[in-house]
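The structure appears below as structure tokens.
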């Protein structure tokens, strides 16, 4: 269910990395878009003056607001995989700046989570070359020969290395390990061992004192402390999932029980103490999204016949080839098209790309629509492309591109041979 | 111990050391990104980061500075007798309502425990009044927003008075002491602020609170000090 990338960073598709970028972006955009920096600087005192060096000296509210919108724009570009090294790296820097400034007034998990986002962005950017399912991946095909490109479109690739997910898994595992370790050694490794979490007292006290002091309306905590064995199990379970994740990562065994345990633990913290820890999205980046995606895509057999000498045509199929994780689409160069297709009266391979689903031949624009339909996750786009005005415009655009691909786009190039 | 002493020495130069660490980190990260085509660069940065990060997580480096962080939560021992502090706004009828920290900033507001500490140990009486005036004003503004159908945070707990559209806001970090319009409707105009010291004693097995007492340690009223309030309006204790 969850992947231990430390055991093996290779996957049969790069889908998980693309989903990881998307999750990071949605989380960080949603969170940081809510920041009201003008309001932040209306507070007439600084609680942690040590960090005030991070405050812009002039018009800090305006400065940080501009930064916020820059960050959002950069993150959107990062999500689609455009110049990941730059967009991810600069996003990390801005996010760290946000975290530092917020820590002036509040060093809770709300601010600290921003730094976790920084580490993820940095590792995603450090291994920017591995983002195959991205705009950058498509741009890199400029350096491929026509034969390499054709070979990729026809055969795909068996394996993709995803080191960004390996290192970010290690980072999140270390964060939780530190949290567990600190419960056992609250004053550092040489400051004495604390056994409080091996019994019910510590956690029970936290629950009942907070319940007495804070206004939290979920009466679950006080009911649970009636069962010391349950509280003890919860305490020890917390240590096990917090510290066990790193052990599991390093041993290369399954991380699924530990990540599910952490998600449950965080939900428990929300229910018992009213504290929302927003690291859920980070943990979800390690879900085997590629396996879920495999179950979503259509199992119909689709043959796509394309111009095997047209560089532009093949580049436009690059992302589709990667998305075909179940190999249900057979990409066939025109020269190798079966006679059954050649002999049909309703096809003209010289004028367009074709898709065949067994009975119907789809040309050009419709062929692309069928490709998108195959992957199902694009169903809103497929629906949109089916609307009459969109379809008319799309068909014209396709026609123009197809007719001018030799003059307006890089179409014919020398082969390797 | 040696490291702790070193940190104490460096603390005096925090204004120089902290930005150096921050920008130094990103200078190294920037170089690593710039030359990330080389496997040895990627490996060196990743391993170096992980080693430093691990030292911070297990407190071998006893101080973490941005962009490094830890997630050490609920690790301090909670004694049988515990002292907490809390702000309460006071309405014109003398009713008290626990201060909703989200009045000050999104999600969770400023760190109240730190503010309590500063007010009781660091700030002068005048600075405390500036803080109180700010909190009171923030509470009024936030209340106005809530009563007008606005809201800065989505709520996991609501009495139904918070509109569904606010559920699209990013979830707040803390959901305790969350004001709702229905609750606020029971209060008159906010006129003052009190800081309470609350002593909570729990049983030896931690399963119940056996006693709780409280005392006002600071209070502030706009109307009580009209001249002072006007004077403080333009003050800043940063």
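The values are calculated or read from the model by the stated rules, or taken from the named source; none is laboratory data. Since the structure is predicted, the reported quantities are computational estimates derived from the model, not experimental observations. FYI the Cβ positions are ideal-geometry reconstructions off the backbone, even for glycines, and counts take in every protein chain you see.
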**OP:** Name every residue in region B:170-223 that is farther than 29 Å from residue A:204 by Cα, under 18 Å from the mean Cα position of the chain (by Cα) and within 14 Å of chain A (Cβ to nearest Cβ), in order of residue number.
**Re:** B:170
Original post:
Is it true that some residue in region A:187-202 is within 30 Å of residue A:333 (Cα to Cα), surrounded by fewer than 21 Cβ atoms within 10 Å (Cβ to Cβ) and in contact (Cβ under 8 Å) with a residue 24 or more places away in the chain?
Top reply: no
Original post:
When only residues in region A:349-365 that are under 16 Å from residue A:403 (Cα atoms) and modelled with pLDDT of 85 or more count, which is nearest to the chain's Cα centre (by Cα)?
Top reply: A:365
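Just to be sure before I move on: is residue B:118 within 7 Å of another protein chain (Cβ to nearest Cβ), farther than 22 Å from residue A:93 by Cα, surrounded by 14 or more Cβ atoms within 10 Å (Cβ to Cβ) and at pLDDT 90 or above in the structure I sent? Steps first, answer last, please.
Details: within 7 Å of another protein chain (Cβ to nearest Cβ): yes; farther than 22 Å from residue A:93 by Cα: yes; surrounded by 14 or more Cβ atoms within 10 Å (Cβ to Cβ): yes; at pLDDT 90 or above: yes.
The answer is yes for residue B:118.
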Original post:
Which of (1) in contact (Cβ under 8 Å) with a residue 60 or more places away in the chain; (2) within 26 Å of the chain's Cα centre (by Cα) is the odd one out, the single condition residue A:119 does not satisfy?
Top reply: (1)
Original post:
If you take the residues in region B:1-60 that are farther than 16 Å from residue A:51 by Cα and assigned to a loop (DSSP other than H, G, I, E, B), which one is nearest to the chain's Cα centre (by Cα)?
Top reply: B:59
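Name the single residue that is nearest to residue B:85 (Cα to Cα) among those in region A:192-223 being more than 10 Å from chain B (Cβ to nearest Cβ) and assigned to a helix (DSSP H, G or I). Working first, answer last.
Here is the first cut: in region A:192-223, the ones more than 10 Å from chain B (Cβ to nearest Cβ) are A:192-193, A:195, A:198, A:219-221, A:223.
Checking which are assigned to a helix (DSSP H, G or I) leaves us with A:198, A:220-221, A:223.
Values: A:198: 29, A:220: 24, A:221: 22, A:223: 25 Å.
If we take residues in region A:192-223 being more than 10 Å from chain B (Cβ to nearest Cβ) and assigned to a helix (DSSP H, G or I), then A:221 is nearest to residue B:85 (Cα to Cα).
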Original post:
surrounded by fewer than 22 Cβ atoms within 10 Å (Cβ to Cβ) and at the interface with chain A (Cβ under 7 Å from one of its Cβ atoms), is that true of residue B:137?
Top reply: no
Original post:
Looking at region A:49-81, which of the residues that are assigned to a loop (DSSP other than H, G, I, E, B) and surrounded by 16 or more Cβ atoms within 10 Å (Cβ to Cβ) is farthest from the other protein chains (Cβ to nearest Cβ)?
Top reply: A:81
Subject >> In region B:3-35, residue farthest from the other protein chains (Cβ to nearest Cβ) [restricted to those that are in contact with a helix residue (DSSP H, G or I) (Cβ under 6 Å, 6 or more places away or on another chain) and modelled with pLDDT of 95 or more] >> reply: B:35
Subject >> Extreme residue, modelled with the lowest pLDDT, among residues of region B:79-103 that are crowded, with 19+ Cβ neighbours inside 10 Å and part of a loop (DSSP other than H, G, I, E, B) >> reply: B:100
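Return a yes/no flag: does region A:161-171 have any residue that is at pLDDT 90 or above, within 21 Å of residue B:39 (Cα to Cα), outside any helix (DSSP H, G or I) and more than 7 Å from every other protein chain (Cβ to nearest Cβ).
In the first step, residues of region A:161-171 are kept if they are at pLDDT 90 or above; the result is A:161-171.
Cutting the leftovers down to within 21 Å of residue B:39 (Cα to Cα) gives us A:161-171.
Those still in the list that are outside any helix (DSSP H, G or I) too: A:161-162.
Going one step further and asking which of them are more than 7 Å from every other protein chain (Cβ to nearest Cβ), we end up with A:161-162.
Looking for residues that are at pLDDT 90 or above, within 21 Å of residue B:39 (Cα to Cα), outside any helix (DSSP H, G or I) and more than 7 Å from every other protein chain (Cβ to nearest Cβ), one finds at least one in region A:161-171, hence yes.
In this structure, is residue A:125 surrounded by fewer than 20 Cβ atoms within 10 Å (Cβ to Cβ) and touching a residue at least 40 places away in the same chain (Cβ under 8 Å)? Spell out how you get there, then give the answer.
On the way: surrounded by fewer than 20 Cβ atoms within 10 Å (Cβ to Cβ): no; touching a residue at least 40 places away in the same chain (Cβ under 8 Å): yes.
Against the criterion (surrounded by fewer than 20 Cβ atoms within 10 Å (Cβ to Cβ) and touching a residue at least 40 places away in the same chain (Cβ under 8 Å)), residue A:125 does not qualify.
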